[in-house]
1. Within segment 40-60, how many residues turn out to be over 12 Å from the mean Cα position of the chain (by Cα) and either modelled with pLDDT of 90 or more or closer than 19 Å to ILE20 by Cβ (or both)?
2. Based on what the data block shows, is ILE28 out of contact with any Gly (no Cβ under 8 Å at 6 or more places or on another chain), assigned to a helix (DSSP H, G or I), more than 19 Å from VAL61 (Cα to Cα) and among the β-branched types (Val, Ile, Thr)?
3. Can you name the condition, by its number, that LYS85 falls short on among (1) surrounded by 13 or more Cβ atoms within 10 Å (Cβ to Cβ); (2) touching a helix residue (DSSP H, G or I) at 6+ places or on another chain (Cβ under 7 Å); (3) among the charged types (D, E, K, R)?
4. Residue by residue through segment 17-62, note down the ones that are under 22 Å from GLU4 (Cβ atoms) and among the small types (Gly, Ala, Ser).
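The values are calculated or read from the model by the stated rules, or taken from the named source; none is laboratory data. Note that the structure is predicted; figures quoted are calculated from it, not measured. Glycine also receives a Cβ, built like all others from the backbone with ideal geometry; neighbour counts cover every protein chain displayed.
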Amino acid sequence: MSEEPVMQRLSKARRRAMSILKEADYEIVSLSNGVFDFQAEREEGIRKIKVVLDKEDDNDVKLVSEKIVPNICKKEIWCAVYGTKKFKKIRIN
């Protein structure tokens, strides 16, 4: 599969994830630190989120788990499920 359709699909999945969180009253901050795509903030805390396609791989889990974040933050991987508008959400400690 060509790189361009994959990047378009990933971009669409990121926008959809942000939209879901905005509907749940989160404020969204785009990140460019290379591990997380964005963070979602509200009074209860902060969620740092990486969006991937179809299935998380060991490298994604390792990158997210090794990233040091403040204790108030939750680290998550959201996997966009192919052919649906759903996400499989994985919390990493």
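1. Count: 9.
2. no
3. For LYS85, the exception is condition (1).
4. Passing the criteria: ALA17, SER30, SER32, GLY34.
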